[in-house]
Amino acid sequence: MSAASGQAVISKAADPVREMVSRPHSENFIAWSAKRPEVLVLSADLTSSCEVGKWRDTYPDRFITAAMAEQNMLGVAGGLAREGFVPFIHTFAVFIYRRAYDQLAMSVAYPNLKVRLLGFLPGIVTPGGVTHQAIEDVAIMRATPNMTVLETGDATEVESMLDAMEQVDGPVYIRVLRGEVPRLFPANEPMRIGQSRLLNQGDDITVLTAGITTEEALRARHAFDRAGVGVSHVHVSTHKPFGDDIIEQALSNARYGIITMENHTIVGGLGSAVAEYMAERGIGRRLVRLGLRDTYAHGASKAHLMHEYGLDSAALISAVESLIGESLGVSEADLSSARTDAVHSEAKAEAL
Amino acid sequence: MSPTQQNQKGKPAKPRAKSGAAAKSVTTRQQIDAVERIEQIATGVRRRVFEHTLKHNGGYLSQALSASEIFAALYAGGMRLAPCKRPLKPGRFAGVPGTSNNYRSGDRFNGETAPGLDRFLFSPAHYALVLYATLIEVGRLQESALSEFNVDGSTLEMIGAEHSPGVATTTGSLAQALSQACGIALARKMRNEAGRTWVFMSDGEFQEGQTWEALAFAAFHGLSKLRAVVDANGQQCDGAMSSVGHIEPIIERIRSFGCDAVEVNGHDAGALKAALAEKSDKPYVVVARTDPAKGLEVMARRAPLLHYVRFTSDSERQDFEAAYQQMVGAS
Ligand SMILES: Cc1ncc(C[n+]2csc(CCOP(=O)(O)OP(=O)(O)O)c2C)c(N)n1
């Protein structure tokens, strides 16, 4: 958040994670919807997987089953929005932007309708494999005119995304975390559209993260301190419209260069947004984009995939080393321990 | 009997009967054997999937309960596939198509392709464990491979992709295989190939518009060698299909699109075998009516949420354990 003086204020992110929140969307959305009769839920047979099973039971008249027919569901959402309802589509992200893209573009985005597209299972968080991993959604949604594109990185953001989206009089796509979600940001510091969070300040390197990569980058924080490398860490929750004072300052001050970490292909997502932003402002620094290197992934655990595709804190350390041109002498032990989720944890939704 | 048929230990099936005076009765005997064989495979598939569900505290179990006879009937002669000389080793994940020279298709578990032989497309990829277990039962996949199921770096993914054993197309995003099968069947028709193209489908896929586009295409282009078998278990993620979205009357709907459709009890091995063997000059759909809790009373208690099993309490787990012991004891 920018203070009046223009000096960036560092927001305190929890490291290590002190609190895990179980199914943060579930109860929160029920409470939020109580006084908003215009809010509807549309589901394509993934109701409990998207944490709206209890919502359905609470507001059965406002829950619309679209069956497993996502293209039609996007069109129906457009029609409902034209009539003044605010449809909240709940399904896995891939089935929104891959399966039903033309309907999304022409029946929702072009007429600039207030439809909320809640995309679950962003990137490689799921062992469901290539068909369930939304790895190019941010790119495609960024390229879609009228679309606002958001991403949640912790429980606080999942809880505050509804208020944030409410400000937007048009379609919003948001990557939503589910199940056991860490709380990284204080509950009283909600997500705000167009406002990133400065989690650490330093003059050597700037790291920009979004979604699950923020927690991963925080693991390396103490290692950087110990090695004496000054790192500015910016957490981004608004992919589009992109850019604010915190981002501009952090990009301008990075002596050695900039690193982006995205749970996404490096084509068209956060790394690309940063590159465009830098080029347009003449910020001449090196940029390292960590993410899937123009490849589809496969089904395996999140920890395995983050390691395989160079999205973990060890990959971040290597990227820093390559920018400053020397080894930091960091070992695995210097990184805060990673959380691993049990595949069958209680908080996990019914199916995948 | 199909040339692919092999028993659990990978030994080739009994040789075909010689022609001659005894031929008729031998054939009858063979038919009984073939039905028993389907039942035997199905029992093995259920047992393996159940075992895994217990071991991993969850899984896609109802799919095995409903579809074991269907897979067994397809692989035990319903489809004409070349044999695998021995049960194959799956190999680790070696990259995706296009980016890796080491990429290998999971279709090799269905044997060498040939113009006169059939092809198999596996559509609802979350049935993967049922397919892997079937491949083991018919001697196409090494038994030890199942220990790699859903393990990091394995090709035996929970939701199979086209590097997974027995999988030729990547169709975990449902209702995409039938269209690809149309393309394959059309290509084969243009080359005058005698082999047929089979698709295994779930009933949920009939909620997707694409399925109906594919049926319309198949009928329009006269793809008489296209054959689909549907596990009509009447359930989906949110519960009973009748509570989520109608697909009935499915037989009439399919027929009205210009395709042939027959209904069969999907747990009756003999009836399934006969339905798969039925001739048709149109795209042909076998709708196999099945029970997603077949043979497992503890499962039926979870209705209507049967899609994915995760034990909600220790006592439920124990009930399933007991049912498993009973199943193993009985078979
Ligand atoms: C296009 C698409 N939408 C949604 C899903 C998520 N999903 C997986 S299985 C399933 C439905 C299950 O019904 P069915 O296909 O009949 O399978 P069964 O319940 O018998 O396992 C859904 C909605 C998907 N895989 N693909």
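The values are calculated or read from the model by the stated rules, or taken from the named source; none is laboratory data. Just so it is clear, the model here is predicted, and its values are computed rather than measured. Please note: Cβ atoms are built from the backbone with ideal geometry, for glycine as well, and neighbour counts cover all protein chains shown. Accessible surface is based on the protein model in full, side chains and every heavy atom, while ligands, DNA and RNA are left aside. Shrake-Rupley method; radii C 1.70, N 1.55, O 1.52, S 1.80 Å.
Data for the structure
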quantity: Count of residues meeting criterion [open to solvent by less than 60 Å² (accessible area, probe 1.4 Å), under 27 Å from the mean Cα position of the chain (by Cα) and of a type in the set (S, T, N, Q)] in region B:310-328; calculated: 0
quantity: Those residues of region B:207-227 which are within 14 Å of chain A (Cβ to nearest Cβ) and open to solvent by 10 Å² or more (accessible area, probe 1.4 Å), in sequence order; calculated: B:GLN207, B:GLY209, B:GLN210, B:TRP212, B:GLU213
quantity: Residue ID - farthest from the other protein chains (Cβ to nearest Cβ), chosen from residues in region B:285-311 that are within 30 Å of B:GLY258 (Cα to Cα) and of a type in the set (A, V, I, L, M, F, W, C); calculated: B:VAL286
quantity: Some residue of region B:173-182 being in a loop (DSSP other than H, G, I, E, B), within 14 Å of chain A (Cβ to nearest Cβ) and open to solvent by less than 10 Å² (accessible area, probe 1.4 Å); calculated: yes
quantity: Failed condition for B:ASN150, given (1) over 22 Å from B:ARG47 (Cβ atoms); (2) within 8 Å of chain A (Cβ to nearest Cβ); (3) open to solvent by 10 Å² or more (accessible area, probe 1.4 Å); calculated: (1)
quantity: Boolean, A:MET261 is more than 14 Å from every other protein chain (Cβ to nearest Cβ) and under 23 Å from A:LEU335 (Cα atoms); calculated: yes
quantity: Failed condition for A:THR126, given (1) among the polar types (S, T, N, Q); (2) over 19 Å from A:GLU51 (Cβ atoms); (3) more than 14 Å from the chain's Cα centre (by Cα); calculated: (2)
quantity: Close pairs from region A:67-81: first without any contact (Cβ under 8 Å) to a residue 24 or more places away in the chain, partner within 16 Å of the ligand (Cβ to nearest atom) and in a helix (DSSP H, G or I), Cβ under 6 Å, at least 6 apart; calculated: A:ALA67/B:GLN207
quantity: Test for B:PRO115: is it modelled with pLDDT of 95 or more and surrounded by fewer than 18 Cβ atoms within 10 Å (Cβ to Cβ); calculated: yes
quantity: Of all residues in region A:81-96 being away from the ligand (no atom under 12 Å from the Cβ) and aromatic (Phe, Trp, Tyr), the one that is least open to solvent (accessible area, probe 1.4 Å); calculated: A:PHE88
quantity: Some residue of region A:175-192 being of a type in the set (A, V, I, L, M) and over 28 Å from A:ILE96 (Cα atoms); calculated: yes
quantity: Exclusive hit being part of a strand (DSSP E or B) and either of a type outside the set (Phe, Trp, Tyr) or crowded, with 22+ Cβ neighbours inside 10 Å (or both), set A:VAL168, A:VAL181; calculated: A:VAL181
quantity: Condition met for A:HIS304 (assigned to a helix (DSSP H, G or I) and either charged (D, E, K, R) or within 14 Å of chain B (Cβ to nearest Cβ) (or both)); calculated: yes
quantity: Residue list for region A:49-78, filter: part of a helix (DSSP H, G or I) and of a type in the set (D, E, K, R); calculated: A:LYS54, A:ARG56, A:ASP57, A:ASP61, A:ARG62, A:GLU70
quantity: Complete set of residues in region B:63-81 that are in contact with a strand residue (DSSP E or B) (Cβ under 7 Å, 6 or more places away or on another chain) and within 13 Å of the ligand (Cβ to nearest atom); calculated: B:SER66, B:ALA67, B:ILE70
quantity: Test for B:ASP231: is it within 16 Å of the ligand (Cβ to nearest atom), open to solvent by less than 20 Å² (accessible area, probe 1.4 Å) and among the charged types (D, E, K, R); calculated: yes
quantity: Condition broken by A:ALA81, with the remaining ones in (1) more than 23 Å from the chain's Cα centre (by Cα); (2) within 14 Å of chain B (Cβ to nearest Cβ); (3) outside any loop (DSSP other than H, G, I, E, B) satisfied; calculated: (2)
quantity: Qualifying residue in region B:157-164 (condition: more than 8 Å from chain A (Cβ to nearest Cβ) and surrounded by fewer than 23 Cβ atoms within 10 Å (Cβ to Cβ)); calculated: yes
quantity: Enumeration of residues in region B:106-131 that are in contact (Cβ under 8 Å) with a residue 60 or more places away in the chain and in contact with a Pro (Cβ under 8 Å, 6 or more places away or on another chain); calculated: B:GLY106, B:GLY111, B:LEU131
quantity: Conditions (1) within 14 Å of chain A (Cβ to nearest Cβ); (2) acidic (Asp, Glu); (3) closer than 20 Å to B:HIS126 by Cβ; number of the one not met by B:ASP314; calculated: (3)
quantity: Restricting region A:15-62 to residues that are open to solvent by 30 Å² or more (accessible area, probe 1.4 Å) and within 16 Å of the ligand (Cβ to nearest atom), the residue that is modelled with the highest pLDDT; calculated: A:ARG56
quantity: Scan of region A:96-119 for residues that are within 13 Å of chain B (Cβ to nearest Cβ) and under 23 Å from A:VAL168 (Cα atoms), ordered by number; calculated: A:ILE96, A:TYR97, A:ALA100, A:TYR101, A:ASP102, A:GLN103
quantity: Any chance A:LEU42 is in contact (Cβ under 8 Å) with a residue 12 or more places away in the chain, closer than 19 Å to A:PRO171 by Cα and either within 14 Å of chain B (Cβ to nearest Cβ) or outside any helix (DSSP H, G or I) (or both); calculated: yes
quantity: Residue tally, condition within 13 Å of the ligand (Cβ to nearest atom) and either at pLDDT below 95 or under 26 Å from A:GLY75 (Cα atoms) (or both), over region B:173-200; calculated: 7
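Yes or no, residue by residue, for (1) within 14 Å of chain A (Cβ to nearest Cβ); (2) assigned to a loop (DSSP other than H, G, I, E, B); (3) within 16 Å of the ligand (Cβ to nearest atom):
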site: B:GLU252; (1), (2), (3): no, no, no
site: B:GLY258; (1), (2), (3): no, yes, no
site: B:GLU263; (1), (2), (3): no, no, no
site: B:HIS267; (1), (2), (3): no, yes, yes
site: B:GLY270; (1), (2), (3): no, no, no
site: B:ALA274; (1), (2), (3): no, no, no
site: B:LYS279; (1), (2), (3): no, yes, no
